Amino acid sequence: SKVYVANLNSESLVAIDVASRSAGARIPLQQVPQEMAVTPDGRLLFVANDGSAVIVVDSERDAEVGRIEVGAPSAGAAMAPDGSQAWFSTAKGVVVVDVAGRSVAARLPEIGSAAGLDSWHLDRLARL
């Protein structure tokens, strides 16, 4: 299994092999990465960053596979427990992304400039 680290200076993600504790693939993003939301199966990472689009990374290929325009730089990221939605805090509020469709499902601009998200709350809401 792997752990992904956001490398701010090189605008990339670094995949670290857990068993060997060694750095592996470096995934160039051309944006400064922030927090990541990972699908429950670990296959896709949705990366918040200083650009206006969330970056989608395939963990099997260690490669960028798409971008989803959210309209503002994003910082916080959280995945719904069922993997259906990824939530991002942005400079213009919160954006909810439909994971399967890789598109914006909702915008919550009334929140204003948001800095972070607490994924514990998403998990708790799913169990209510």
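The values are calculated or read from the model by the stated rules, or taken from the named source; none is laboratory data. If you're wondering where the values come from, they're calculated on a predicted model, not measured in any experiment. Virtual Cβ from ideal backbone geometry, glycine too; neighbours counted across all protein chains shown. Accessible surface areas use protein heavy atoms only, side chains included; no ligands, DNA or RNA. Shrake-Rupley method; radii C 1.70, N 1.55, O 1.52, S 1.80 Å.
Here is how the numbers come out for the structure above:
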{"item": "Rounded if a/c under 1.5, otherwise prolate or oblate - the range 1-55, Cα gyration tensor axes", "result": "oblate"}
{"item": "The range 1-123, relative contact order in percent, only Cα pairs under 8 angstrom and at least six apart counted", "result": "15 percent"}
{"item": "Along the chain, longest interval not containing exposed trypsin sites (Lys or Arg not before Pro), exposed being DSSP loop plus at most 16 other Cβ atoms within 10 Å", "result": "62-101"}
{"item": "Carbon plus sulfur fraction of accessible area for the range 1-59, probe 1.4 Å, in percent", "result": "50 percent"}
{"item": "Stretchable slack from V3 to A105, in nm (0.36 nm times residue separation minus alpha-carbon distance)", "result": "33.9 nm"}
{"item": "Rg(Cα) / (2.2 N^0.38 Å) computed for the chain, rounded to two decimals", "result": "1.01"}
{"item": "Helix-only mean residue ellipticity at 222 nm for the chain, each DSSP H run of n ≥ 4 adding -39500 (n - 2.57), per residue, nearest 500", "result": "-2000 deg cm²/dmol"}
{"item": "For the chain: accessible area per residue (Å², 1.4 Å)", "result": "52 Å²"}
